[in-house]
Amino acid sequence: MAHKRRGTLFVVSGPAGVGKGTLNKMLFDEFGEQLAFSVSATTRAPRPGEIDGKHYFFISRQEFENRIANNDFLEYAQFAGNCYGTPRSYVESVLDDGKNVLLEIEVQGASQVMARMPECVSIFVLPPSFEELERRLRGRATETEEKIVQRLAAARGELECAQRYKYRIVNGGDLQAAYQELRGIYLAETHRTD
Ligand code: 5GP
């Protein structure tokens with residue numbers, strides 16, 4: 001007889017423009033009954049189409065600092081001039097409930113989670129090359145040149161952190177192939193006996 005197990009925590013990182021959001025959404029579309037996405041808090045302004053409480057909880061810097069002081073975040077970090085944090089109580093309660101949780105977070109926050117919860121499954125999504133990443137990021141055209149340059153610099157630093165992760169996936173343009181890799185990791189890791 002199967003007994004109820006604690007959920008598995010997945011941590012997915014990768015530079016902006018690598019397609020991690022799309023891959024994670026595909027995973028959610030297939031496994032959404034057992035998998036929850038954690039909605040982060042951020043001090044960044046919403047982009048067109050982003051909904052408060054769905055994509056992020058958009059909060060002020062003061063509110064962000066209050067939450068740090070209350071120990072409300074499982075992890076938090078600064079990225080491209082804004083703060084981002086994962087709500088601890090949500091993640092803990094979903095895992096206790098036996099569901100899996102996916103965090104889509106940048107590398108500093110991911111390091112904090114790996115240190116605090118070493119059993120987490122960390123996955124890094126890589127672009128086939130830096131040039132391709134730049135092309136994709138510019139193609140998105142949702143950002144100013146200054147922000148794009150900032151994000152490209154962050155991406156260079158992030159790529160150097162890839163080896164800290166348990167798994168890596170290259171999204172080389174064939175989204176289905178990259179998804180099959182992510183799906184394989186998800187299925188294997190959610191069937192472990194330990
Ligand atoms: P964006 O501004 O493009 O939505 O996100 C910028 C970066 O912050 C992305 O790498 C995203 O994964 C990351 N991020 C989003 N939420 C969190 C969070 O709660 N904590 C950390 N550390 N990074 C986050």
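The values are calculated or read from the model by the stated rules, or taken from the named source; none is laboratory data. Source: prediction; values computed, not measured. Neighbour counts run over all protein chains shown; Cβ positions are idealised from the backbone, glycine included.
General observations
One line per residue, one yes/no per condition, for (1) modelled with pLDDT of 95 or more; (2) closer than 15 Å to Glu189 by Cβ; (3) over 13 Å from the mean Cα position of the chain (by Cα):
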residue	(1), (2), (3)
Ala2	no, no, yes
Gly7	yes, yes, yes
Pro15	no, no, no
Gly19	no, no, no
Ser40	yes, no, no
Pro46	yes, no, yes
Gly49	yes, no, yes
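- Here segment 122-143 is the region considered, the condition is being buried (at least 16 other Cβ atoms within 10 Å of the Cβ) and in a helix (DSSP H, G or I), and the residue that is farthest from the ligand (Cβ to nearest atom) is Glu134.
- Only one of the listed residues (Glu119, Glu181, Glu146) is away from the ligand (no atom under 12 Å from the Cβ), in a helix (DSSP H, G or I), more than 16 Å from Lys20 (Cα to Cα) and out of contact with any Gly (no Cβ under 9 Å at 6 or more places or on another chain). That residue is Glu146.
- Identity of the residue in segment 171-184, crowded, with 17+ Cβ neighbours inside 10 Å and at pLDDT 95 or above, that ends up nearest to Phe130 (Cα to Cα): Ala178
- Some residue of segment 42-57 being in a strand (DSSP E or B) and touching a residue at least 40 places away in the same chain (Cβ under 8 Å): yes
- Tally of residues being touching a residue at least 24 places away in the same chain (Cβ under 8 Å), away from the ligand (no atom under 14 Å from the Cβ), out of contact with any strand residue (DSSP E or B) (no Cβ under 7 Å at 6 or more places or on another chain) and assigned to a helix (DSSP H, G or I) across segment 83-116: 1
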